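Take a look at the structure set out below.
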Amino acid sequence: MLACLYVPDFPVQASLLSEQAQSRKVLKQSPLAILDGPASLPRVVALNDAARSAGIETGMTKLQVETYGGIGLRKRSIPSEEAAQATLLDYAGAFSPRVESTCAGAVILDLAGTEKLFGPLQKIAHTLTANAMEIGFDLRVAIAANPDTAFHAAHGFPGITILPAGEEARRLARLPVSILPASPD
């Protein structure tokens, strides 16, 4: 079985990793948006759930976001995101020697043989999410027989998802097409 560790709103979570644990906890619950683009017209490229609930959307300009008030703004930091991805990769490597960085905020790890060390799949998934919180990540974990299924399930379902072999199509059918990494064309 393979697991996908997915960090939703990765640029937001990456920007908070350098904060103290107590500050990070408060900031995660506060509306926060990440800006990128030219200095004359920065736009929102990532945001957390609190900012979404406040009405902020990806693509809004800094000026548009400022009219809402109470929204924390941070400039995107590629070095922070790269460091966060390396941290995520190292974290996954503590559970399996076979780990692959698939994209920013996601890694796939092979769980074959890890049951003897960490217990059944459900326990491994809970351990992965609980320990990740200690280092600053709120993870989604999906476990499936192939990496693509695990990847899409982690992107589409909150929390922990375990897909037994043979049930992939039925379970993934509920997900929106927008989670697929494809252009509208």
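The values are calculated or read from the model by the stated rules, or taken from the named source; none is laboratory data. What you are looking at is a predicted structure, and each value in this text was computed from that prediction instead of being measured. Please note: Cβ atoms are built from the backbone with ideal geometry, for glycine as well, and neighbour counts cover all protein chains shown. Heavy atoms of the whole protein, side chains included, go into the accessibility calculation; ligands, DNA and RNA do not. Shrake-Rupley method; radii C 1.70, N 1.55, O 1.52, S 1.80 Å.
Which residue pairs have Cβ atoms closer than 7 Å, lie 6 or more positions apart in sequence or on different chains, and pair a first residue in the stretch 136-165 that is on the phi > 0 side of the Ramachandran plot with a second residue that is open to solvent by 20 Å² or more (accessible area, probe 1.4 Å) and assigned to a loop (DSSP other than H, G, I, E, B)?
G136/L17
State which residue pairs qualify: first residue in contact (Cβ under 8 Å) with a residue 24 or more places away in the chain and of a type outside the set (A, V, I, L, M) and inside the stretch 40-52, second residue open to solvent by 60 Å² or more (accessible area, probe 1.4 Å) and not in a strand (DSSP E or B) in any location, beta carbons under 6 Å apart, and separation of 6 or more residues or different chains.
That search, which allows pairs on different chains as well, returns P42/K62.
How many residues are surrounded by fewer than 22 Cβ atoms within 10 Å (Cβ to Cβ) and among the β-branched types (V, I, T) if we restrict to the stretch 39-52? Working first, answer last.
Quick first cut of the stretch 39-52, residues surrounded by fewer than 22 Cβ atoms within 10 Å (Cβ to Cβ) only: 39-43, 45, 49-50, 52.
Those left that are additionally among the β-branched types (V, I, T): 45.
Final tally of qualifying residues: 1.
Residues of the stretch 145-185 being within 16 Å of the chain's Cα centre (by Cα) and either among the basic types (K, R) or assigned to a strand (DSSP E or B) (or both), which ones?
Once the filter is applied, which keeps residues that are within 16 Å of the chain's Cα centre (by Cα) and either among the basic types (K, R) or assigned to a strand (DSSP E or B) (or both), the stretch 145-185 yields I160, T161.
Out of (1) of a type outside the set (F, W, Y); (2) surrounded by fewer than 16 Cβ atoms within 10 Å (Cβ to Cβ); (3) over 14 Å from P11 (Cα atoms), what's the single condition that is false for D36?
Result: D36 passes all but (3).
Return the residues of the stretch 100-144 that are among the hydrophobic types (A, V, I, L, M, F, W, C), in contact with a helix residue (DSSP H, G or I) (Cβ under 7 Å, 6 or more places away or on another chain), open to solvent by 40 Å² or more (accessible area, probe 1.4 Å) and outside any helix (DSSP H, G or I); say none if nothing qualifies.
Answer for the stretch 100-144, where residues must be among the hydrophobic types (A, V, I, L, M, F, W, C), in contact with a helix residue (DSSP H, G or I) (Cβ under 7 Å, 6 or more places away or on another chain), open to solvent by 40 Å² or more (accessible area, probe 1.4 Å) and outside any helix (DSSP H, G or I): just A104.
Looking for something over 30 Å from A125 (Cβ atoms), open to solvent by 60 Å² or more (accessible area, probe 1.4 Å), of a type in the set (S, T, N, Q) and without any contact (Cβ under 8 Å) to a residue 24 or more places away in the chain - is there at least one such residue anywhere in the stretch 15-22? Show your work before the answer.
At the first step, the residues of the stretch 15-22 found to be over 30 Å from A125 (Cβ atoms) are none.
No: zero hits.
Looking only at helices (runs of 4 or more DSSP H) that fall completely inside the stretch 1-72, which ones have 2 or more residues that are more than 30 Å from I108 (Cβ to Cβ) and not polar (S, T, N, Q)? Give the derivation first.
Details: elements: 10-16, 21-29, 49-53, 62-66.
The qualifying helices (runs of 4 or more DSSP H) are 62-66.
Can you confirm whether L73 is open to solvent by less than 40 Å² (accessible area, probe 1.4 Å) and in contact with a helix residue (DSSP H, G or I) (Cβ under 8 Å, 6 or more places away or on another chain)?
In short, no.
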